[in-house]
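One structure below.
The values are calculated or read from the model by the stated rules, or taken from the named source; none is laboratory data. Computed from a prediction, not measured in an experiment: that's the story for all the values here. Note: ideal-geometry Cβ built from the backbone for every residue, glycine included; neighbour counts use all protein chains shown.
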Amino acid sequence: MKLGFKILCALLCFASLSACDKSKNSSSTSSSTSTTTPVDPNEETIASLNAFKETLSSLNKGATAKSFNISQINNYYGMEMEVGEQGTTTKYLDDFIHTESTQQIGDVTIEGVKTEIGITTDNYLYEIRYFSEGDSNNGVLFYENNTYNYGYLFDFDFTSEYIYNIIDVTLNYYRTPGLKLSLTTNYDLLDLTQDGTHVLQYRFTRYGSNGVSKTEDVQRDDEILIENGKITTVKTTMLYALEDAINYQYMESSTTYTYDELTSYPFEKLNPDDFPTITNS
């Protein structure tokens with residue numbers, strides 16, 4: 001059995017848009033007395049998202065470990081299932097990350113779930129997903145070792161995850177022609193250079209072709225605590241709904257980040273050659 005937990009797991013359907021045509025149309029109007037270029041609302045949103053992306057990128061990254069607790073309710077056509085996960089992720093020397101967690105699916109508890117991320121001897125990135133000995137869901141994913149993939153897998157601090165899973169995903173939407181979208185945030189009201197508690201608010205809607213029905217709707221709040229320029233604690237709530245909330249996911253999570261010196265992994269690593277390649281994830 002397997003939980004599909006990644007931060008913002010409900011938004012993974014956005015990722016398919018990363019391969020979409022990112023060209024944008026521009027238009028202008030002219031008269032005999034003046035020429036003006038109207039501001040494209042999508043361009044304004046893209047500029048705002050990119051500005052906040054720079055703000056997040058300026059925060060201290062370099063978290064070496066995190067402890068997390070996630071609870072989620074999945075509703076599919078009126079049928080609810082509660083799932084959860086608690087665990088710790090630690091980064092080690094030599095480009096290696098180890099996560100160990102306990103997962104719950106309804107009344108079933110799965111202990112000793114592991115994820116290991118590293119680099120193969122032939123320079124591919126890998127991600128091993130291990131649930132238990134002989135579990136049919138055990139497997140490994142391989143990635144080309146480039147800057148984007150390396151950052152996506154190895155940068156597990158809040159700012160990196162928020163950029164990859166919220167900002168970049170939303171940018172892909174706004175760069176895709178023909179979509180009817182709405183986005184409300186409070187990013188321009190935040191001063192993340194100051195220590196203390198800050199709340200990031202994100203409200204996103206993709207409408208159907210009639211411009212009224214909601215194909216996707218996301219309401220997300222992240223309460224972050226900044227200490228000495230570093231994000232140390234994050235509490236997240238998110239409601240993700242499909243097709244006017246016929247199906248939805250509600251998630252609450254809390255994460256604590258620590259910033260220490262990297263050490264060597266003290267145990268034997270899982271071998272990616274011992275696992276079947278995952279063809280869909």
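Filtering segment 77-84 for residues that are of a type in the set (D, E), buried (at least 18 other Cβ atoms within 10 Å of the Cβ) and under 30 Å from E243 (Cβ atoms) leaves an empty set.
Contact map, segment 222-235: residues that are small (G, A, S) paired with residues that are modelled with pLDDT under 95, Cβ distance under 9 Å, separation 6+ or inter-chain. Pairs shown: G229/L59; G229/N60; G229/T193.
Here is a yes/no grid of residues against (1) closer than 30 Å to S136 by Cβ; (2) in contact with a Phe, Trp or Tyr (Cβ under 9 Å, 6 or more places away or on another chain); (3) at pLDDT 95 or above; (4) surrounded by 14 or more Cβ atoms within 10 Å (Cβ to Cβ):
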{"residue": "D221", "(1), (2), (3), (4)": "no, yes, yes, yes"}
{"residue": "I231", "(1), (2), (3), (4)": "no, yes, yes, yes"}
{"residue": "K235", "(1), (2), (3), (4)": "no, no, yes, yes"}
{"residue": "Y250", "(1), (2), (3), (4)": "yes, yes, yes, yes"}
{"residue": "S264", "(1), (2), (3), (4)": "no, yes, yes, no"}
{"residue": "P272", "(1), (2), (3), (4)": "yes, yes, yes, yes"}
{"residue": "T277", "(1), (2), (3), (4)": "yes, yes, yes, no"}
{"residue": "S281", "(1), (2), (3), (4)": "yes, no, no, no"}
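Residue check: is E243 surrounded by 13 or more Cβ atoms within 10 Å (Cβ to Cβ), modelled with pLDDT under 95 and either farther than 18 Å from I166 by Cα or aromatic (F, W, Y) (or both)? Criteria met by E243. Within segment 220-270, the residues that satisfy the criterion of being part of a strand (DSSP E or B) and of a type in the set (K, R) are R220, K230, K235. Inside segment 187-219, residues that are without any contact (Cβ under 8 Å) to a residue 24 or more places away in the chain, of a type in the set (S, T, N, Q) and surrounded by 14 or more Cβ atoms within 10 Å (Cβ to Cβ) make up a count of 2. Counting only helices (runs of 4 or more DSSP H) that sit wholly inside segment 88-203, those with at least 3 residues that are farther than 17 Å from A63 by Cβ and either modelled with pLDDT of 95 or more or of a type in the set (S, T, N, Q) (or both) are 168-174.
Across segment 113-154, the number of residues qualifying as closer than 23 Å to T256 by Cα, charged (D, E, K, R) and surrounded by fewer than 17 Cβ atoms within 10 Å (Cβ to Cβ) comes to 1.
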